[in-house]
Amino acid sequence: MTETSIRELMARAVEDGPPSGIQLPVDDVLSRNARVLRRRRIGQALATVVLLAGAAGLSVLLPGGPPSALRPPAPAATEPAVVTPTPPIDLESRAKAALGLLVAAAPPGYRVQKGEPAPGPGASTYAVRETTWRGPGRPGKDLYWAMLEVQLDGRAAVLTVRVTDQVPAHLRSAADPCSVRISTDEQSCRVVLASDGTPVRIASWRPVTGPVDEATRLVNGVLVTVQQAGRPRPNVYALGRPVLDDRQLADLTSNPTLLP
């Protein structure tokens, strides 16, 4: 077969196309490429779905994700708060403790009355130790009060503790505790430091029954008073001298046991 006949045969094959059932290598390549392209598109679509699903799950885990994707945490179980009521102040116990402080403060040599009433004028009697306190059915100016009679050489004096929340306004606002009077009978006033450094106001006056010394301390809106005074009664003269000195009075007044 000559070169010319070969060219003519090739030209007719191009014009007429391949015989039925016969594929040229070019068609096989194109078909194969189409299948590869179709598989690639399917793979890309699957990968896109996976990426979208992963992004949605990650937005739930990461802070700042879409509010619609965030699930609120389940509320933590909390127990109801238990409120412990504050017990009322036991003023009766405070009054009895104050009486105990007065008994302990009596200097050596003084006779402390045991509690039997002392005879008074006519058929009356004097209490030689006594306590009282505010409570239900027991209104009073003082929160509580305690009194003790002591004797020296047959002469009597009385020691008294008073604690009240009824404090005059002029006393609350005074910068100098001795600048205002608590009792109209006061003749002198001084500020004495207790053993713990607490300043205590002590006022004095001298009625016919003997000298009176009154130590007061204002703390937390409460006025604490410790007083000593002579106490005359039938067949007993008033003690004409102080039972306690200024430091002892100041220490009693600043004793934390007296605070309600």
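The number of residues in segment 209-260 that are outside any loop (DSSP other than H, G, I, E, B) and either closer than 19 Å to PRO107 by Cβ or among the polar types (S, T, N, Q) (or both) comes to 23. Could you tell me whether GLY122 is assigned to a loop (DSSP other than H, G, I, E, B) and within 32 Å of the chain's Cα centre (by Cα)? When the stated conditions are applied, GLY122 does not pass them.
Being loosely packed, with under 13 Cβ neighbours inside 10 Å and in contact (Cβ under 8 Å) with a residue 24 or more places away in the chain is the filter here; which residues of segment 184-219 pass it? Result: ARG190, SER195, ASP196.
Taking the stated definitions as given, is PRO177 in contact with a helix residue (DSSP H, G or I) (Cβ under 9 Å, 6 or more places away or on another chain) and touching a residue at least 40 places away in the same chain (Cβ under 8 Å)? Against the criterion (in contact with a helix residue (DSSP H, G or I) (Cβ under 9 Å, 6 or more places away or on another chain) and touching a residue at least 40 places away in the same chain (Cβ under 8 Å)), PRO177 qualifies.
One residue stands out among those in segment 223-260 that are at pLDDT 95 or above and of a type in the set (Val, Ile, Thr): the one that is surrounded by the fewest Cβ atoms within 10 Å (Cβ to Cβ), which is THR225.
Total residues in segment 132-150 satisfying the condition of being touching a Leu at 6+ places or on another chain (Cβ under 8 Å) and surrounded by fewer than 20 Cβ atoms within 10 Å (Cβ to Cβ): the figure is 1.
Taking only segment 130-171 into account, find how many residues are touching a helix residue (DSSP H, G or I) at 6+ places or on another chain (Cβ under 7 Å) and either free of Cβ contacts under 8 Å to residues at least 12 places away in the same chain or within 30 Å of ASN235 (Cβ to Cβ) (or both). So the answer is 7.
Among the residues of segment 152-180, how many are more than 36 Å from the chain's Cα centre (by Cα) and surrounded by fewer than 19 Cβ atoms within 10 Å (Cβ to Cβ)? Break it down into steps so the answer makes sense when it comes.
Looking only at segment 152-180, we keep the residues that are more than 36 Å from the chain's Cα centre (by Cα), and these are 152-159.
The next check asks that each one be surrounded by fewer than 19 Cβ atoms within 10 Å (Cβ to Cβ); those that pass are 152-155.
Qualifying residue count, segment 152-180: 4.
Restricting attention to segment 112-127, the residues being farther than 15 Å from ASN235 by Cβ and surrounded by 13 or more Cβ atoms within 10 Å (Cβ to Cβ) number 2.
The values are calculated or read from the model by the stated rules, or taken from the named source; none is laboratory data. Every value quoted in this text rests on a predicted model; they were computed, and no experiment measured them. Note that we place each Cβ from the backbone using ideal geometry, even for glycine, and neighbour counts take in every protein chain shown.
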